[in-house]
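Read through the structure below, which is laid out as C-alpha cells, and then see the notes.
The values are calculated or read from the model by the stated rules, or taken from the named source; none is laboratory data. All of these numbers come straight from a predicted model, not from anything done at the bench. Cβ placement follows ideal geometry from the backbone for every residue including glycine, while neighbour counts extend to all protein chains displayed. Note: accessible area is taken over every heavy atom of the protein model, side chains too, but ligands, DNA and RNA are not part of it. Shrake-Rupley method; radii C 1.70, N 1.55, O 1.52, S 1.80 Å.
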Amino acid sequence: MSTSSHGQTGYIPSKPVTATADYLDNRVGVAKAVKFISRKVFPEHWSFLLGEIAMWSFVVLIITGIFLTMFFEPSMAHTTYPEDALPASMAGVAMSEAYASTLNMSFNVKGGLLMRQIHHWAALLFMAGIVVHMFRIFFTGAFRKPREMNWLIGFVMLLLGLAAGLTGYSLPDDVLSGNGLRITDGVVKSIPVIGSYASFAIFGGEFPGTDIIARFFTLHILLIPGLLIALVSVHLLLMVVHKHTQYPGLGRTDHNVVGYPAFPLYVAKMAGFFFIVFGFLAIMGATISINPVWNYGPYDPSPVSAGAQPDWYMLFLEGSLRLMPGWEWVVGGFSVPLSVIIPAIVVPGLLFTLLGAYPFIEAAATKDQREHHVLDRPRNVPVRTGLGVAIITTFVVLVLAGSNDLIATHFDLAINDITWFFRVAIFVLPVLAFVVTKRTALALQRRDRELALHGHETGRIVQLPNGAFMEVHKPLTPEERWILVAHEPRRPMEIEPATDRNGVERRGYRMDALRQRLSRFFYEDRVEPLTPAELAAVHHLADEVEGDDGPRKPIHGGSIGVEMEVSQGHHDDGTGRRSTSVATLTKR
C-alpha cells in the first residue's frame, strides 16, 4: 500500500504482475479483451444456473477423466486377474485387460474408486444439466433470433453427450456394458443392406470383436471431448456477442441488459458455484455407489443380467425397443426388422429432429425477423409450452417403459399388461399433455388479465353511498403490472390472395398457405394482452367510483402508443368469449 500526492491510499501491483500484464497486452492486446469481458452485464435469475451446472459438471468430467486415463488399459486382450489382488472374488478369473484395469483402479489405486464414481455421477449430472437447460431455453423462447445458431450448438452438444455416455459406459467391458453393446450391434445390423457390413466395420469382425474398446476409448477421451470443448467455447462466445437474455421486468427491453458486471461479482459467483457443484459430486462419489462392475463379472456373450438398464439418458431407447411388437418384413430377399428400426432409429430421429428444428418451425409461423433479448413467460406461448410438455411426456413414457421389468417385480404386476399400457400411453399421453398444458396456459393468461385490470383480491367488501357493495382490490406494483401486460400480441399470419387482380395465380401462394396453416395452429387460440387504453379506462372508472382516494395515474408500460386494429380469427378477450372479427386496441 502507498499514499498518493492527494493523500489517498491505493493498491500498487507488484512488478511481476504488471510486467506480465504489459507483456500480454503488447503482444495479444489482452487489455481490450479483459476490459470488454469485465464490463459485460449478466442478468440475475436462478434458472441461468442450469447451464452452469452442465458446464461445471463437464469440467469435473475432464479433471477426473484425466486421472482415470492414467490407469485404464483400453485393450480386449485376455488376461487372468492376480490371485493376491482385490477383490478376492475375482482372483484367477479370466477377463480382458480393460476389465482387469478397471478392477485394479477401483481397489488398488488410491482414490481410484472415488474418481470413478465422481466421474460417473458427473456424467449423469452433465446430461441432466444440458437437458434441463435446453428446456429452459425452449420454454422461454431464448432460441429466437439471433440465437438460432446457439440452439443448434447446444443441440449438437446434447447428441455428443449421449455419444460420450455410450462410449464411456462400455469401456469397463463387464457384463452390463457388454449387454449394452450387444443392443448397439443389433441396432446397427437392423439397417437394411448395409447393416452386417457396418457391424463388422465398427466391431472389427463378428461381435464383440477385439477392437471396440480401443476405438470407444479414442472417441471417449479424444474426439468427443475435443468437440465438446470447441462447442462450449463457441457457445459462450456467442452468448457474450449476443448479450445474455433476461426475464421480463420493469425497465428491461430488447435494447438493454439489467444485471451485474462480469467482474468482480459474476466471476466470484461462478467460481463459488463451481466449488458447490464439485463438492456435491464429491459427496455423491464418496457415499453413493454407482456401477459396481465387480458384481457383474467380465463380459460373456452368453449371460444377460436381470433388471439391467442403461444410464437414465439412454433409457428412452431401451423403452422404445421394449414397446415395439416383433414386426418384420422381407423385401427383395432382405429382412427389414421393423421391431428394431422403428423404435431405435425412426422414433428417436423424429423426436430429435423436431427438437433441433423447432426454432425455424416457429420462425416460419411468424415471419418474425426481429432480435429478441427479453424472454417469454411460458404461459404466453401456450402452443410452444404444450409441445414442450408433450415431448417431455413422450420421453418419460419411454423411460418408464425401459423399466417395465422392474415395475413388474416391485409392484407384482404382469409385464404384458404393463407393456400394453405403455403402448397405448405413448400415443395418448403426449396428446393429452399438449391439450391440458395449452388450456392451462390460456387460463393463466385470462387470470393475469383479470389481475392486471383489478389487482389482488383482498376479501374486503365495502358499501358505496348508493347502497351497492364492492370488493376492495389491492393495486399491483409497477413491476407486477409490467410483467403482466408487457408481452406483445401474437396473431395468425395474414397472406395475400391466391390470384392477383388479373386472375393470375400468385407465385409462392402454396408456401404462404402452408405457413398460414402453421401460424393458425400456433396462434389461433389466444388471449389478447391488455393495452394501455384498457388499463387507463379501468383506472378512470375506479377514480370515479372511489373519488375520495384522489386521482390515479395509469401506468402505460412505457412510451407505448395506441391504435385501432381489426383482429381476424379466433381469440379470447379474457372473459371466455370468442369471436371471428373483433376490434381491439393493441400496443404499437
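The table for this structure:
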{"quantity": "Check on LEU219, of a type outside the set (Val, Ile, Thr), part of a helix (DSSP H, G or I) and open to solvent by less than 40 Å² (accessible area, probe 1.4 Å)", "calculated": "no"}
{"quantity": "Helices (runs of 4 or more DSSP H) completely within segment 353-464 that count 3 or more residues being over 30 Å from ALA308 (Cβ atoms), modelled with pLDDT under 95 and among the aliphatic types (A, V, I, L, M)", "calculated": "415-454"}
{"quantity": "Subset of segment 109-130 (residues that are touching a residue at least 40 places away in the same chain (Cβ under 8 Å) and either in contact with a Leu (Cβ under 7 Å, 6 or more places away or on another chain) or among the charged types (D, E, K, R) (or both))", "calculated": "MET115, ARG116, ILE118, HIS119, TRP121, ALA122, ALA123, LEU125, PHE126, GLY129, ILE130"}
{"quantity": "Any hit, segment 304-312, residues being modelled with pLDDT of 90 or more and under 24 Å from ARG520 (Cβ atoms)", "calculated": "no"}
{"quantity": "Tally, over segment 481-504, of residues that are out of contact with any Gly (no Cβ under 9 Å at 6 or more places or on another chain), within 18 Å of LEU453 (Cβ to Cβ) and not in a loop (DSSP other than H, G, I, E, B)", "calculated": "1"}
{"quantity": "All positions within segment 318-339 that are assigned to a helix (DSSP H, G or I), open to solvent by 20 Å² or more (accessible area, probe 1.4 Å) and touching a helix residue (DSSP H, G or I) at 6+ places or on another chain (Cβ under 6 Å)", "calculated": "LEU321, ARG322"}
{"quantity": "Segment 3-23, residues that are surrounded by 10 or more Cβ atoms within 10 Å (Cβ to Cβ) and modelled with pLDDT of 75 or more", "calculated": "THR18, ALA19, THR20, ASP22, TYR23"}
{"quantity": "Sole exception among (1) more than 30 Å from THR366 (Cα to Cα); (2) open to solvent by 20 Å² or more (accessible area, probe 1.4 Å); (3) aromatic (Phe, Trp, Tyr) for PHE135, by number", "calculated": "(1)"}
{"quantity": "Subset of segment 222-252 [part of a loop (DSSP other than H, G, I, E, B) and open to solvent by less than 50 Å² (accessible area, probe 1.4 Å)]", "calculated": "LYS243, HIS244, THR245, TYR247, PRO248, GLY249, GLY251"}
{"quantity": "Complete set of residues in segment 497-522 that are open to solvent by 20 Å² or more (accessible area, probe 1.4 Å) and under 30 Å from GLY386 (Cα atoms)", "calculated": "TYR509, ARG510, MET511, ASP512, LEU514, ARG515, GLN516, ARG517, LEU518, ARG520, PHE521"}
{"quantity": "Residue, farthest from the chain's Cα centre (by Cα), within segment 86-99, restricted to residues that are open to solvent by less than 50 Å² (accessible area, probe 1.4 Å) and farther than 24 Å from THR287 by Cα", "calculated": "GLY92"}
{"quantity": "Considering residues of segment 181-216 that are assigned to a helix (DSSP H, G or I) and among the polar types (S, T, N, Q) only, the residue farthest from PHE72 (Cα to Cα)", "calculated": "SER196"}
{"quantity": "Neighbours by Cβ (under 8 Å, 6+ apart or cross-chain): first from segment 390-415, in contact (Cβ under 8 Å) with a residue 24 or more places away in the chain and of a type in the set (D, E, K, R); second part of a helix (DSSP H, G or I) and open to solvent by 20 Å² or more (accessible area, probe 1.4 Å)", "calculated": "ASP405/ILE415"}
{"quantity": "Filter result (in contact with a Phe, Trp or Tyr (Cβ under 6 Å, 6 or more places away or on another chain) and in a helix (DSSP H, G or I)) within segment 169-180", "calculated": "SER170, VAL175, LEU176, SER177, GLY178"}
{"quantity": "Residues (without any contact (Cβ under 8 Å) to a residue 40 or more places away in the chain and small (Gly, Ala, Ser)) located in segment 431-447", "calculated": "ALA443"}
{"quantity": "Residue match in segment 361-384 (condition: among the acidic types (Asp, Glu), in contact (Cβ under 8 Å) with a residue 40 or more places away in the chain and surrounded by 20 or more Cβ atoms within 10 Å (Cβ to Cβ))", "calculated": "yes"}
{"quantity": "In segment 462-493, the residues that are touching a helix residue (DSSP H, G or I) at 6+ places or on another chain (Cβ under 8 Å) and touching a residue at least 40 places away in the same chain (Cβ under 8 Å)", "calculated": "LEU464, MET470, ARG481, LEU484, VAL485, HIS487, ARG490, ARG491, PRO492, MET493"}
{"quantity": "Subset of segment 276-311 that is open to solvent by 70 Å² or more (accessible area, probe 1.4 Å) and in contact with an Asp or Glu (Cβ under 8 Å, 6 or more places away or on another chain) - its residue that is nearest to SER170 (Cα to Cα)", "calculated": "TYR296"}
{"quantity": "Segment 429-482 - residue that is small (Gly, Ala, Ser), under 35 Å from the mean Cα position of the chain (by Cα) and over 14 Å from LEU530 (Cβ atoms) and, of those, most open to solvent (accessible area, probe 1.4 Å)", "calculated": "ALA443"}
{"quantity": "Count of segment 37-72 residues which are part of a helix (DSSP H, G or I) and touching a residue at least 12 places away in the same chain (Cβ under 8 Å)", "calculated": "23"}
{"quantity": "Test set (1) within 20 Å of THR437 (Cα to Cα); (2) without any contact (Cβ under 8 Å) to a residue 12 or more places away in the chain - THR499 fails condition number", "calculated": "(1)"}
{"quantity": "First in segment 521-534 and at negative phi and assigned to a helix (DSSP H, G or I), second anywhere and of a type in the set (A, V, I, L, M) and open to solvent by 20 Å² or more (accessible area, probe 1.4 Å), Cβ under 7 Å, 6 or more apart", "calculated": "PRO532/ILE560; PRO532/VAL562; ALA533/VAL562; ALA533/LEU585; GLU534/LEU585"}
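Condition check ((1) of a type in the set (Phe, Trp, Tyr); (2) at pLDDT below 90; (3) over 19 Å from MET55 (Cα atoms)) across all residues:
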site	(1), (2), (3)
TYR169	yes, no, yes
ASP174	no, no, yes
VAL187	no, no, yes
PRO192	no, yes, yes
GLY204	no, yes, yes
GLY209	no, yes, yes
ILE213	no, no, yes
LEU222	no, no, no
SER233	no, no, no
